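Visitor: This is the structure I have questions about; it appears just below.
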Amino acid sequence: MSASALKRPSKLYRYATRADLERALQFGEFRLEPPAAQNAPNAIMPFGPRAAPGFLTLSLASAWDESLFDASGADCCLVINDAEQFGERIHRAAQRLLPSWAGIDAAVSYGRPSPLGEVFSRPRDHATEKEWLFAWRPTQPTLVNKPVTITIGSIEGIAELRTRP
């Protein structure tokens with residue numbers, strides 16, 4: 001099952017294009033992507049360091065912030081009103097698609113190293129993003145360089161779309 005390093009926030013926010021977010025709301029489609037190269041080496045420490053590890057991540061915000069529309073080039077926001085249920089469904093879907101991977105989610109640390117490693121650490125000047133990160137790592141060393149799309153089913157009962165104010 002999933003591991004959450006901290007209690008999830010009550011709501012999560014995903015800023016993107018309306019077309020992408022409509023698919024996320026209706027079908028529960030989410031794209032897990034390799035993190036930026038500077039965040040990849042030896043991240044997620046509870047799973048131990050590995051040679052050339054690879055990760056897949058899904059980033060959301062833990063707070064509503066209108067400035068994130070501009071920062072992400074978004075015209076819409078998916079507001080997840082039940083982050084706990086969402087997180088459990090995301091981890092179950094990832095486990096089905098990536099059975100030999102371990103997953104965790106937690107708040108990103110800004111301006112100081114996260115105890116979870118580099119993938120959960122960002123420079124202080126990104127703190128306004130208030131990022132909540134879901135991350136998966138293979139249990140065996142492997143090169144991860146392509147995104148994977150998971151589907152958790154409709155989330156219309158726990159989420160809503162908000163247009164840019």
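The values are calculated or read from the model by the stated rules, or taken from the named source; none is laboratory data. Computed from a predicted structure; not experimentally measured. These area figures cover heavy atoms from the full protein model, side chains too; ligands, DNA and RNA do not enter into them. Shrake-Rupley method; radii C 1.70, N 1.55, O 1.52, S 1.80 Å.
Visitor: If contacts are Cα pairs under 8 angstrom and at least 6 residues apart, what is the relative contact order of region 75-149 in percent?
Guide: The value is 27 percent.
Visitor: Under 13 Å from the Cα of LYS11, which aspartates and glutamates turn up, not counting those fewer than eight places away in the same chain?
Guide: Partners within reach: ASP65, ASP82, GLU84, GLU131, GLU160.
Visitor: So, with a 1.4 angstrom probe, what is the percent of accessible area on region 51-110 that is carbon and sulfur?
Guide: Carbon-and-sulfur percentage of accessible area, whole number: 51.
Visitor: What shape does region 55-165 have by the C-alpha gyration tensor, where a ≥ b ≥ c are the square roots of the eigenvalues, rounded means a/c under 1.5, and otherwise prolate means a/b greater than b/c and oblate the rest?
Guide: Note, shape of region 55-165 comes out oblate.
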